[in-house]
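The values are calculated or read from the model by the stated rules, or taken from the named source; none is laboratory data. Remember, it's a predicted structure, so these values are computed and weren't measured experimentally. All Cβ positions, even for glycine, are placed from backbone atoms using ideal geometry, and neighbour counts span all protein chains on display.
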Amino acid sequence: MGRTSSKEDAGALFHSLRSAYAATPVNLKVIDLYMGFAIFTALIQVVYMAIVGSFPFNSFLSGVLSCVGTAVLAVCLRIQVNKTTRNSRIYHLSELLQILFFATWYSI
């Protein structure tokens with residue numbers, strides 16, 4: 001039978017994901033970069049806690065949870081700005097206004 005190896009399957013999957021992401025608009029890529037940075041910052045804090053210790057545990061907890069919360073809010077923004085997942089009856093605001101609301105509510 002014509003079974004392919006898992007390496008070829010993984011390569012085909014990676015190629016299809018890369019080509020699909022290349023068609024993503026720039027504003028969504030910027031939001032993805034922001035989410036990646038927030039998660040990376042949370043991981044750095046976890047690694048630091050594992051190495052140094054967690055003496056001020058409440059500071060560690062607030063830092064990690066604020067990074068995770070920021071990433072969750074960025075996911076919500078990405079869903080609102082993305083034209084393919086937007087329901088026109090619910091999200092009738094422009095993209096700029098949605099980003100302005102995100103920045104305003106996040107700064108509170």
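Residues in the stretch 42-58 that are among the small types (Gly, Ala, Ser) and in a helix (DSSP H, G or I) were compared, and the one that is farthest from GLY69 (Cα to Cα) is ALA50.
Each row is one residue, and each column tells you yes or no for (1) in contact (Cβ under 8 Å) with a residue 60 or more places away in the chain; (2) touching an Asp or Glu at 6+ places or on another chain (Cβ under 8 Å); (3) more than 26 Å from THR104 (Cβ to Cβ).
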site	(1), (2), (3)
HIS15	no, no, yes
ASN27	yes, yes, no
ILE39	no, no, no
GLN45	no, no, yes
TYR48	no, no, yes
VAL68	no, no, no
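When LEU33, LEU96 are screened for being assigned to a helix (DSSP H, G or I), modelled with pLDDT under 80 and either loosely packed, with under 14 Cβ neighbours inside 10 Å or more than 11 Å from the chain's Cα centre (by Cα) (or both), only LEU96 passes.
For the stretch 1-30, what are the residues that are hydrophobic (A, V, I, L, M, F, W, C), farther than 25 Å from ASN82 by Cβ and modelled with pLDDT under 85? Within the stretch 1-30, MET1 is the sole residue that qualifies.
Checking LEU28, LEU61 one by one, the residue that is more than 30 Å from LEU100 (Cβ to Cβ), part of a helix (DSSP H, G or I) and not charged (D, E, K, R) is LEU61 and no other.
So is LEU13 assigned to a helix (DSSP H, G or I) and under 10 Å from the mean Cα position of the chain (by Cα) or not? Judged against the criteria, LEU13 is not a match.
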